[in-house]
1. Does residue 218 count as farther than 30 Å from residue 295 by Cα, open to solvent by 10 Å² or more (accessible area, probe 1.4 Å) and not aliphatic (A, V, I, L, M)?
2. Residue pairs, Cβ under 8 Å, 6 or more apart or interchain, first in region 360-378 and free of Cβ contacts under 8 Å to residues at least 60 places away in the same chain, second basic (Lys, Arg) and open to solvent by 10 Å² or more (accessible area, probe 1.4 Å). List them.
3. Out of 293, 303, which single residue is over 22 Å from residue 434 (Cα atoms) and surrounded by fewer than 21 Cβ atoms within 10 Å (Cβ to Cβ)?
4. Consider region 230-251. How many of its residues are under 15 Å from residue 375 (Cα atoms) and under 24 Å from the mean Cα position of the chain (by Cα)?
5. State the number of residues belonging to region 160-173 that are open to solvent by 20 Å² or more (accessible area, probe 1.4 Å) and in contact with a strand residue (DSSP E or B) (Cβ under 8 Å, 6 or more places away or on another chain).
6. Filter region 379-404 down to residues that are hydrophobic (A, V, I, L, M, F, W, C), without any contact (Cβ under 8 Å) to a residue 40 or more places away in the chain and either on the phi > 0 side of the Ramachandran plot or surrounded by fewer than 24 Cβ atoms within 10 Å (Cβ to Cβ) (or both), then give me how many there are.
7. For region 325-368, give me the residue count where each residue is modelled with pLDDT of 65 or more, open to solvent by 20 Å² or more (accessible area, probe 1.4 Å) and within 28 Å of residue 432 (Cα to Cα).
8. Hey, any hits in region 255-272 for a residue that's in contact with a Gly (Cβ under 8 Å, 6 or more places away or on another chain) and aromatic (Phe, Trp, Tyr)?
Amino acid sequence: MLCQLAMAVAAAVAMLERAWEVSYGVLVGLLPVHVVNIMLVILLGAGVAVAFRVLRRRREVYLVDYGCFLGEPCHRVPFAMALEHGRLMKNLIDEECTNFMVRLHERSGIGEETSVPDSIRYMPPERGIEASREEAELVVFSAVDKVLARTGLSPEDIDTLIVACSFTTPTPSFADVVVNRYNFRADVRSVNLSGMGCSGALIAIGLAKNLLNAGPPGKRVLIVATEILSSMFYTGTKREMLVPNVLFRMGAAAMIMSNSPENARFRLGPIVRTLTAAKDSDYRCAFQEEDDDGITGINLSKDLPVVAANALKGHLVAFGLAVLPVSELLRVALSFLNHKLIKLLSSVRAEEAAAGSYYRPGFHNLFQHFCIHPGGRRVLHEVQRGLDLTDADMEASHMTLHRFGNMASSSLLYELAYIEAKDRMRKGDRVCMISFSPGIDCSSVVWECIKPPPPAHLDNGPWAGCIHRYPVQLPKIVKRA
């Protein structure tokens with residue numbers, strides 16, 4: 001970028017030097033020398049500004065299109081089937097654990113049409129590397145096929161491949177699996193992201209943006225986001241480690257990004273990422289470990305929704321600085337100062353003085369659509385409260401959780417597909433995506449719609465055949481003693 005800017009400045013200087021030879025004497029005859037020099041400096045500055053704007057336009061990054069895996073009816077796992085399997089595997093899961101998962105499922109907001117791989121249907125479940133590889137090939141190849149078909153691009157058009165899968169890291173990597181399957185060019189750059197959790201897709205988008213910024217115009221990046229259930233299914237009896245078995249389901253999404261606006265559907269806006277792993281409570285709230293019997297699983301702390309909500313507060317400060325207009329930032333600052341002043345001058349207790357809450361910026365006025373990671377109903381409610389969003393703002397997140405379950409970082413693309421399947425996306429609409437992952441790692445991405453989806457996209461999307469049934473009424477969350 002600096003080299004390109006220097007070249008543009010050099011070109012502007014060269015043009016001014018030519019003009020100097022022709023007209024400098026004439027100008028000096030008409031105006032004082034210092035006035036002529038000031039004019040030349042102004043012209044040079046204008047030339048640099050124009051060159052910088054041209055280069056900045058080249059730095060814009062776009063989402064060309066995306067595709068999502070859709071499970072077949074044979075992959076469906078209704079609650080009755082899951083319950084039957086659990087009670088038949090008494091050597092692995094006792095009655096107490098089964099009842100715990102039943103209660104958790106009743107409050108989860110997950111419906112009857114979610115998908116799991118064949119390996120989990122086996123008794124006992126198959127957790128080997130071959131099962132994981134088969135599941136990955138099923139979901140990843142389907143998502144990639146769909147995004148290539150939607151964009152009309154071929155594997156030869158891809159310059160960089162990024163695969164985000166958190167808990168399963170075979171050798172060769174999943175990125176190599178995709179390269180081999182589609183016979184990508186020998187000079188394709190590939191990256192395999194692991195351990196990024198449910199923020200993997202948004203982190204991959206940030207990486208793609210940096211790579212596209214550094215490359216010449218016309219470059220394309222293929223991003224694949226998934227999570228493999230076969231290797232993360234827990235067969236022990238520790239309650240905190242049974243939670244992912246209830247919430248997570250099979251899914252994958254692929255997207256193609258470019259630094260050229262040709263055929264693009266969304267323009268990428270600000271990307272914000274914050275990490276609170278320096279705090280022990282945040283670091284261990286979602287932790288992969290072995291239980292007392294040596295069985296590996298993911299320990300999800302019961303305090304996760306609260307910890308995530310606290311991490312979100314700090315994240316929203318950074319996100320607000322990136323997206324809020326100056327007027328909103330001033331109102332927030334004045335509200336903060338006014339709150340502090342009241343506490344200093346008030347004679348009542350600090351708790352009562354704190355009753356006057358801070359001004360909460362209207363994020364729902366900045367964005368027409370929200371895609372919040374469906375990590376669970378409690379997590380979604382905490383985010384809704386933190387952002388002061390309406391039930392309509394949260395509809396895509398809750399309906400995705402109901403229809404597909406928690407598919408890790410790929411879930412956000414299913415939510416975007418829901419909004420488009422409902423025919424709510426319009427040119428110029430802004431979409432806010434927010435995700436969380438162990439750490440706590442909070443990521444936010446903003447998109448601006450350039451072109452709504454053609455009708456053909458809706459016929460082969462993940463919501464085809466069921467969108468007319470949504471939204472559905474979800475049971476209220478009942479707090480148990």
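1. Working: farther than 30 Å from residue 295 by Cα: yes; open to solvent by 10 Å² or more (accessible area, probe 1.4 Å): yes; not aliphatic (A, V, I, L, M): yes.
It is true that residue 218 is farther than 30 Å from residue 295 by Cα, open to solvent by 10 Å² or more (accessible area, probe 1.4 Å) and not aliphatic (A, V, I, L, M).
2. Here the result reads 361/331, each pair linking region 360-378 to a residue that is basic (Lys, Arg) and open to solvent by 10 Å² or more (accessible area, probe 1.4 Å).
3. Details: 303 fails: over 22 Å from residue 434 (Cα atoms).
The match here is 293.
4. Matching residues across region 230-251 total 9.
5. Our first condition is that a residue be open to solvent by 20 Å² or more (accessible area, probe 1.4 Å); within region 160-173, this holds for 167, 169, 171-173.
Within this subset, residues satisfying the condition of being in contact with a strand residue (DSSP E or B) (Cβ under 8 Å, 6 or more places away or on another chain) are 167, 169, 173.
Going through region 160-173 one residue at a time, the tally reaches 3.
6. Kept after step one, since they are hydrophobic (A, V, I, L, M, F, W, C), are these residues of region 379-404: 379-380, 383, 387, 389, 392, 394, 396, 399, 401, 404.
Going one step further and asking which of them are without any contact (Cβ under 8 Å) to a residue 40 or more places away in the chain, we end up with 380, 389, 392, 394, 396.
Still in the running and either on the phi > 0 side of the Ramachandran plot or surrounded by fewer than 24 Cβ atoms within 10 Å (Cβ to Cβ) (or both): 380, 389, 392, 394.
Final tally of qualifying residues: 4.
7. 20
8. no
The values are calculated or read from the model by the stated rules, or taken from the named source; none is laboratory data. Values in this document were obtained by computation on a predicted structure and should not be read as measured data. In this analysis, Cβ positions are derived from the backbone assuming ideal geometry, glycine residues included, and neighbour counts consider all displayed protein chains. All accessible areas refer to the heavy atoms of the entire protein, side chains included, with ligands and DNA or RNA removed. Shrake-Rupley method; radii C 1.70, N 1.55, O 1.52, S 1.80 Å.
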